[in-house]
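Below: one structure, written as structure tokens.
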Amino acid sequence: MRLFGHDTAVDAFRDALDSGKLHHAWLLAGPKGVGKALFADMAARHVLAQAARPEGLGEGLAVSDSHPTAQLIEAGSHPDLRRLARLPRDRKPDELARNITVDQVRGIQSLFATTPSMSDWRAVVIDAVDDLERPAANALLKNLEEPPSNCVFLLVCHSPGRVLPTIRSRCRMLRFSRLSDDAMASAILQAAPDLDAEERAALVRIGNGAPGQALHYAGLDIAALDETIRTLIARGDPGNGARATLAQSLGLKNAQPRYEAFLDRAPAAIAAHARTLKGSALQKAVSAWEEARSLAGGAQRLSLDPQTTVFALAGLLASLHEPRHDA
């Protein structure tokens, strides 16, 4: 597995590691889906592998798949690594919990209760620190204030401004930017080699520099969905026929992934269109964006009817059409 587009972050981490002065906590900050979690996992693996057996390491954060550390991590059984993320819900295992709980954070204490097993190093990855409930953040802070020796904390972070200042102040921050189109194409090819070239190109276009986000749309023919959105904005829908057809197609039970994609794409399309406008047209578009964002944001949380929701969102898109008045 390779990490594309973040050579500066890789070099900074490796310089600190190779100097023997690795900071105990790293805040990996940037937009969702650009590769922060992959960086965290690769950095943790490299630290543990280098400490256990330096042979088999490559450039950057690369570790051979045949390395014992890599094999243990792949099997989910490395004793010196903990990875915290939101857990599946008890009654809805296909959905994730809203937060990382305080019990999960307290659970890492077992990592520090004994000496490391494979080397003198341990690693903790939290994906993402934004998801910590307040008591969990406070529990993590205690570990960062009095860090165990030879332990690195890698904290994935989407919004640094929302993280406790006391946590931020104890971390070294690495910034992650959106990827170039070339890096996007390479990352998508690596993650989904079976996609055809046309779909990969479409994912690059709509991914906005975030391959992780783009891959959520793989196999959903997002290019066609975006074309429908553009047509609604460009031509309107005076007879409501296009809205009705779209609502019916996305309201089907097996269309749930495309429905969720539409909830993401519609407000974004309105925002993009608004940036081309001025005056009263801009005010109208901003109002439509606010309404669309609120509706799309609450649709699944409030279990709104998909067909009704799509029809309403499509109406907001169509409302942006400005008829030409020829002289």
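The values are calculated or read from the model by the stated rules, or taken from the named source; none is laboratory data. Predicted model only: the values in this text are computed from it and were never measured. Cβ coordinates were reconstructed from backbone atoms using ideal geometry, including for glycine residues, and neighbour counts include every protein chain displayed. Only protein heavy atoms, including side chains, enter the accessible area calculation; ligands, DNA and RNA are left aside. Shrake-Rupley method; radii C 1.70, N 1.55, O 1.52, S 1.80 Å.
Things to note:
- Yes/no for SER149 being among the polar types (S, T, N, Q) and modelled with pLDDT of 95 or more: no
- For GLY30, the criteria (1) over 27 Å from PRO193 (Cβ atoms); (2) at pLDDT 95 or above; (3) of a type outside the set (Phe, Trp, Tyr) hold in every case but one, which is (1).
- Note on the range 42-93: among residues that are assigned to a strand (DSSP E or B) and of a type outside the set (A, V, I, L, M, F, W, C), the one that is most open to solvent (accessible area, probe 1.4 Å) is ARG83.
- Criterion (in contact with a helix residue (DSSP H, G or I) (Cβ under 8 Å, 6 or more places away or on another chain) and either of a type in the set (Ser, Thr, Tyr) or over 30 Å from ARG200 (Cβ atoms) (or both)) met by exactly one of ALA244, ALA299: ALA244
- Scanning the range 112-122 for residues that are open to solvent by less than 90 Å² (accessible area, probe 1.4 Å), modelled with pLDDT of 95 or more and not charged (D, E, K, R) turns up at least one hit.
- Only strands (runs of 3 or more DSSP E) whose full extent lies in the range 101-206 are considered here, and the ones with at least 1 residues that are in contact (Cβ under 8 Å) with a residue 24 or more places away in the chain and small (Gly, Ala, Ser) are 122-127.
- Per-region count, the range 234-247, residues part of a helix (DSSP H, G or I) and either buried (at least 21 other Cβ atoms within 10 Å of the Cβ) or among the acidic types (Asp, Glu) (or both): 2
- Of all the criteria given as (1) at pLDDT 95 or above; (2) within 19 Å of HIS23 (Cα to Cα), the one not satisfied by HIS158 is (2).
- Of the numbered criteria (1) in contact with a strand residue (DSSP E or B) (Cβ under 8 Å, 6 or more places away or on another chain); (2) at pLDDT 95 or above; (3) surrounded by fewer than 21 Cβ atoms within 10 Å (Cβ to Cβ), the one PRO135 fails is (1).
- So VAL102, is it β-branched (Val, Ile, Thr), touching a strand residue (DSSP E or B) at 6+ places or on another chain (Cβ under 8 Å), modelled with pLDDT of 90 or more and open to solvent by less than 80 Å² (accessible area, probe 1.4 Å): no
- Selected residue [surrounded by fewer than 14 Cβ atoms within 10 Å (Cβ to Cβ), modelled with pLDDT under 95, within 23 Å of the chain's Cα centre (by Cα) and part of a helix (DSSP H, G or I)] from GLN256, GLN213: GLN256
- Scanning the range 59-68 turns up at least one residue that is under 19 Å from LEU3 (Cβ atoms), touching a residue at least 60 places away in the same chain (Cβ under 8 Å) and not hydroxyl-bearing (Ser, Thr, Tyr).
- Pairs linking a residue in the range 296-323 that is open to solvent by 20 Å² or more (accessible area, probe 1.4 Å) to a residue that is in a loop (DSSP other than H, G, I, E, B), with Cβ atoms under 7 Å and 6 or more positions apart or on different chains, are PRO306/GLY251; GLN307/GLY251; HIS321/GLY236.
Table: residues versus (1) open to solvent by less than 30 Å² (accessible area, probe 1.4 Å); (2) in contact (Cβ under 8 Å) with a residue 24 or more places away in the chain.
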{"residue": "ALA274", "(1), (2)": "yes, no"}
{"residue": "ALA281", "(1), (2)": "yes, yes"}
{"residue": "SER287", "(1), (2)": "no, no"}
{"residue": "GLU290", "(1), (2)": "no, no"}
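- Filtering the range 216-233 to residues that are open to solvent by less than 30 Å² (accessible area, probe 1.4 Å), farther than 17 Å from GLN256 by Cβ and under 23 Å from the mean Cα position of the chain (by Cα) leaves only ASP226.
- Meets criteria (assigned to a helix (DSSP H, G or I), of a type outside the set (Ser, Thr, Tyr), open to solvent by less than 70 Å² (accessible area, probe 1.4 Å) and more than 29 Å from LYS92 (Cα to Cα)) for ALA261: no
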